[in-house]
Amino acid sequence: MIGRRLVAAAGTLALLVGAVRLPADPAVLMVGPVAAGLAVAAVLAARSMRSRLVPAAVVGAGAVSVGVTAWTRAAADPGAEVDGLTGLWILLEPALLLVLIYLSVRWSPPRAAVASAAAAGAATALIVQRMLTGEPLLSLLAASALWLVPALAVGTAAWYLRWSAAERGRAVERAREEQRLGLAGELHDFVAHDVSEIVARAQAGRMVLAGGDPKLTVLLEQIEAAGVRALESMDRTVHMLRVDASRQPVGGLDDIDALARRFAASGDAEVVVDRRLRGGAGRENGAVAYRAVVEALTNVRRHAPAAATVTIEIAEDDGWLLVAVADDGRAAPRSGPRASGGLGLPGMAERVGRLGGTVEAGPREPRGWRVAVRLPLPEGKGVDA
């Protein structure tokens, strides 16, 4: 993200300096390239390429370009000769519009991608009309159709890359489903059988060997009870592995309060849930957010067992679902820095990333640790979380 923002800042500066030092004649021909360049910079500087800002910026740049074309046709001489510098400004505009088309088609929601790319593509096709005069209608249409070809090519390439990425994601999900089913089969057919044998031998030993030794009786009863608990846990694990997580998520936003109460009851920390979400967040977002809170609370228990206060924040942040878990971290971590090479945070980042979100984790002032997950909210409100 920092690299994108640096590119956006450098491009904006270069564009503005060029507009001052190397102006076009007439100056209005710089409005379209400048607007498109600022739109590209805004998209690159956005928190996520899936932000709602992307299609809005593309549509805005396309509207400005169409407006400049209309003004040129109405108020200027479309057939007038242009110098080399002005020609560069004219060519820069469609190039920047092509970049916007690519970014929108590649990352925006399908409907927004089609609408914004169509607006930018139409603007690209109409730019040539600024330079034509006295031509028959068929020639004007042919010229605009020719200028539309690059936009169609860029849009098609971006859509193909988007489709390929989605196919890879589906292939990964299918592979994981096969692995889960295979693991469930192994647990059910082999491990559960071995644990059952342990329970049976403990029961037989308690009946045959214990005799009048109460200590041995208690020991064998404990072994039997532990084996039964292991079988029950294994049954639950096999069930979870065989259930489609997308249809039956582990939990949602509505389950976080109960999760917080269980966490507080199991330790000395006070858990505060700060819920400031007006509408719904969607079932997938809710499931991923719930798992993120589980992981964050697990890290609190593991790395900051003496934390006095844990805050769970659930809020809407500029069109994003924000779920953050923060602790006061009064004691030193029990097992080294929290940023160590565990699998919890990378796994959380992978799940969040599949939904177009981000994960941030790090120390907070004056002490403690904070994990923040941001997920894009659905277009409509009132979706069950």
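Beta carbons closer than 7 Å, at least 6 apart along the sequence or on distinct chains, pair a first residue in region 119-137 that is under 15 Å from Val64 (Cβ atoms) and open to solvent by 60 Å² or more (accessible area, probe 1.4 Å) with a second that is among the aliphatic types (A, V, I, L, M) and part of a helix (DSSP H, G or I) for Leu126/Val66. Can you name the number of the only condition in (1) in a helix (DSSP H, G or I); (2) crowded, with 22+ Cβ neighbours inside 10 Å that Tyr290 fails? Looking at each condition in turn, Tyr290 falls short on (2). When Leu97 is tested against (1) within 22 Å of the chain's Cα centre (by Cα); (2) open to solvent by less than 30 Å² (accessible area, probe 1.4 Å), just one condition goes unmet, and that condition is (1).
Against the condition out of contact with any helix residue (DSSP H, G or I) (no Cβ under 6 Å at 6 or more places or on another chain) and in contact (Cβ under 8 Å) with a residue 40 or more places away in the chain, how does Ser65 come out, does it pass?
Numbers: out of contact with any helix residue (DSSP H, G or I) (no Cβ under 6 Å at 6 or more places or on another chain): no; in contact (Cβ under 8 Å) with a residue 40 or more places away in the chain: yes.
Considered against the rule, which asks whether it is out of contact with any helix residue (DSSP H, G or I) (no Cβ under 6 Å at 6 or more places or on another chain) and in contact (Cβ under 8 Å) with a residue 40 or more places away in the chain, Ser65 comes out as no.
In region 161-188, the residue that is modelled with the lowest pLDDT out of those that are of a type in the set (Lys, Arg) and surrounded by 11 or more Cβ atoms within 10 Å (Cβ to Cβ) is Arg180.
Residues of region 252-281 that are open to solvent by less than 90 Å² (accessible area, probe 1.4 Å) and at pLDDT below 80: Ser266, Gly267, Gly279, Gly280, Ala281.
Restricting attention to region 27-73, and to residues there that are of a type in the set (A, V, I, L, M) and more than 22 Å from Ala112 (Cα to Cα), which single residue is surrounded by the most Cβ atoms within 10 Å (Cβ to Cβ)? Can you show your working first?
Of all residues in region 27-73, those of a type in the set (A, V, I, L, M) come to 27-31, 34-36, 38-46, 49, 53-54, 56-59, 61, 63-64, 66, 68, 70.
When the remaining residues are screened for being more than 22 Å from Ala112 (Cα to Cα), the result is 27-31, 34, 68, 70.
Working: Ala27: 11, Val28: 14, Leu29: 22, Met30: 24, Val31: 19, Val34: 20, Val68: 22, Ala70: 13.
That would be Met30.
State which residue pairs qualify: first residue modelled with pLDDT of 50 or more and open to solvent by less than 60 Å² (accessible area, probe 1.4 Å) and inside region 331-358, second residue polar (S, T, N, Q) and assigned to a loop (DSSP other than H, G, I, E, B) in any location, beta carbons under 8 Å apart, and separation of 6 or more residues or different chains. Going by the 8 Å Cβ cut-off, the qualifying pairs are Gly356/Ser48; Gly357/Ser48; Thr358/Ser48. Of all the residues in region 253-274, those that are within 13 Å of Val325 (Cβ to Cβ) and either in a strand (DSSP E or B) or touching a helix residue (DSSP H, G or I) at 6+ places or on another chain (Cβ under 6 Å) (or both) number 6.
The values are calculated or read from the model by the stated rules, or taken from the named source; none is laboratory data. Not measured: the values here are computed from a predicted model. For neighbour counting, all protein chains shown are included, and Cβ atoms are generated from backbone atoms with ideal geometry for every residue, glycine included. For accessibility, only protein heavy atoms count, side chains too; no ligands or nucleic acids. Shrake-Rupley method; radii C 1.70, N 1.55, O 1.52, S 1.80 Å.
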